[in-house]
Each structure stands twice: as C-alpha cells, then as structure tokens.
1. Suppose we filter region C:57-77 for residues that are out of contact with any helix residue (DSSP H, G or I) (no Cβ under 9 Å at 6 or more places or on another chain) and touching a residue at least 12 places away in the same chain (Cβ under 8 Å); how many remain?
2. Would you confirm whether any residue within region B:40-55 is closer than 22 Å to residue C:32 by Cβ, touching a helix residue (DSSP H, G or I) at 6+ places or on another chain (Cβ under 8 Å) and modelled with pLDDT of 95 or more?
3. Looking at (1) on the phi > 0 side of the Ramachandran plot; (2) surrounded by 24 or more Cβ atoms within 10 Å (Cβ to Cβ), which is the only condition residue B:51 fails?
4. Please find, among B:65, B:58, the residue that is under 18 Å from residue B:14 (Cα atoms), within 8 Å of chain C (Cβ to nearest Cβ) and under 15 Å from the mean Cα position of the chain (by Cα).
5. Is it the case, given these coordinates, that residue B:21 is more than 10 Å from chain A (Cβ to nearest Cβ) and at pLDDT 95 or above?
6. What's the number of the condition residue A:23 fails, among (1) touching a residue at least 60 places away in the same chain (Cβ under 8 Å); (2) within 18 Å of residue C:92 (Cβ to Cβ)?
7. Just give me the residues in region A:108-124 being surrounded by fewer than 19 Cβ atoms within 10 Å (Cβ to Cβ) and either within 7 Å of chain B (Cβ to nearest Cβ) or in a strand (DSSP E or B) (or both), in sequence order.
8. For region B:31-55, enumerate the residues that are away from chain A (no Cβ under 14 Å) and in contact with a strand residue (DSSP E or B) (Cβ under 8 Å, 6 or more places away or on another chain).
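The values are calculated or read from the model by the stated rules, or taken from the named source; none is laboratory data. All values reported here derive from a predicted model rather than from experimental measurement. So basically every Cβ, Gly included, is an ideal-geometry build from the backbone, and we count neighbours across all protein chains shown.
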C-alpha cells in the first residue's frame, strides 16, 4: 500500500486545509481510493468549504455542541480539554475519497480539512494511503 | 476500480434513501467494500433507519444542533445556508460497507441515506465505488 | 477479502473498547486498511481515548446533543429510543485505519470503540474486514 505521513506544523487555526497535499499524493497514482487518517485523540477530518468564514463558523458550532467549560470529567490543563477529547466522536478521524486518473473526485467546494481544537499542541501528523482499485 | 455516479434529481426531502441503488451496484460484484461518496459541501451520508419518522427526527435534530438562523458568518441566500455548510463536519460525506457475495452487509434496519438540508438545489450526485477484497 | 464478525455480549456501558480485537485481527495480515463496521441502526464507532472518564463524558454529551426525552416522532419503548436512532448520523457506523506490518497505525491515545446508547439490547455484532493494499 502506498502510504505517507504528513507533519503539519504551521496551523493558522482550528481548521487546516490539506487539499493540496492530498492532490499531490494522488497525482499519477491512477484509480482507487485515497484514505486520510489522523492518529490523534483530539482531532478529526472533514470535507468542507474553506474560506467564506465556514472555518470560523465551525469553531463556533463546536463551541455550542461541546462547550469548553468545566462540565467534563476528563480534565488536565484547560477546561476545554474534555471537549477536545469528544471531538473525534463527532468529526471522524478517517475519511476516504474516490480517485480517478490521479484526481481525487472532490466537489467544487469540498476541501479536505484537519479539525483540531487542541491549540496547545500545533504539531500534528496525518497519514495518507492509496488503495488501488 | 468499478465506479459509477448516480444523479439524484427527485428528492422528496432532506433524507433520500439510496439503499436500492447501492444494492444494485453491488450485485454480482463478489466480495469487497462498497464506498459511497457525495461530492457536495452541504450534504452528508448516514446509515440509519428510514421510515418510522426517523427522517423527520433527523431534520429536527439538525435544527437544534445547527440552528438555521443568522448566527453564521458564511451567508448568501437564506440564513440556513451557514448551517448547511457545517453539516458535512457532523454527517460525513463518505462511508463504506462490507460486501459479501454481492450483498452489502447492512443490518436489518440500516439504510444508506443522503442527508441534505440545502433544499434550494435538489439535484445531487453520489459516487459509488467497489473495492474488490 | 479477509473478514470476520465479532459478537459483543458483555458490554459494561455505552462505550465498549474493541482495540484488542482489532489488533488481533490485523496481526500477520501485512499492509492495508482495516475496516470496522457495525450493522445496527442505533450504534456507531469512534476512535477516542478510553479511560480518564472520556467514556462517561461522551454519554453526557450525547445526552445534551440528542436529549433522551419525548421530543421524537420515532417511539417504541423508552423515550430515548428516538435519540438512539439518530446516533448513527453523528457517530458513524463505519471507520477504517491504515495497517502497516500487521499493526493498526493508531495514535497513542486512540482506541477503537463501539458507541451504543441502546442499553436494552446488549448483544451486538461488529464486522472487521481487511483490504490488502
């Protein structure tokens, strides 16, 4: 299986666009499925529009779905840490996209994004794998 | 990779049952994984019971999880548009189901459904792909 | 396709750790993708930390995201049954993890868990499948 691990070090915020890296990984790999995976317990992956403030909207929405206060039993560091640990149950840490002729078949407004509310640790790894069809 | 694109044009509501199309696609394809993918930034896919009002319950639940009001930064058209763009972070646009002998191994009450709150655009495409095991 | 069905009979609560079974299934299977699937309409799968009370936090969070009261149209048995049927739209019933040399590439704090709020029926099946890369 063709697979590689990206290291994401310069995240600007909670949503990091990985689309360019995914496209690069798929180029010249033919037909199959590209699988994206994040091996962290406080991060997820989504296909969504970036820009037009959708990223900020997502941060807000996560804040009302999983409020960053002291209601959680899981605590160390900031109160939001308990919320961080529930994120992957809602925003799944694995997704996959069909690839034809080396091109991920993403819609016009779909970008592959890493969603990561744990801002204390900006270094993340993401594994890309290609399953030939 | 065996792959095809469905065009969904006559959707009755927010939840559209795709199970018959998925079963038809898998028939005579043997063992593997069927991958379902929606290339739209305001839609997701789920495995859930249809009928017994679960579809209406889901619409209601999405309304309290992602309220369709003017709280979003992403706006054009209706206020609910900002909510539409967050849907794919919660209801993922890719899923896959094991297939044995051409039969998707769905549970008795599981249907494959397209979840799409963006009622302004009733035309949707869904990509089905088969990965032989 | 290598595939097997687990029967989970002794669940202690809403979150059941499947990591040991997944690791056992992958051992000596080389490189590829392990796919985990739950054929039930009221259950989902997640990759999350177990222990440190995250499991109890998830139960609480599901309670405020999908309140277990009489607001649902889908009813038979307890009021929470309607909420159970919406769970799979948020906590997806399929996920997959890259495997290298027979080892699932899970992060240190990631466990594969079954999330199942329908405590009336403690017997569940989970299908594991391996796609060689």
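1. 2
2. So the first thing to find is which residues in region B:40-55 are closer than 22 Å to residue C:32 by Cβ, and the list is none.
Scanning region B:40-55 turns up no residue that is closer than 22 Å to residue C:32 by Cβ, touching a helix residue (DSSP H, G or I) at 6+ places or on another chain (Cβ under 8 Å) and modelled with pLDDT of 95 or more.
3. Looking at each condition in turn, residue B:51 falls short on (2).
4. Working: B:65 fails: under 15 Å from the mean Cα position of the chain (by Cα).
One residue alone meets the criteria, B:58.
5. When the stated conditions are applied, residue B:21 passes them.
6. Every listed condition holds for residue A:23 apart from (2).
7. Within region A:108-124, just A:109 meets the criteria.
8. First, the residues of region B:31-55 that are away from chain A (no Cβ under 14 Å): B:31, B:48-55.
Correct list: B:31, B:48, B:49, B:50, B:54, B:55.
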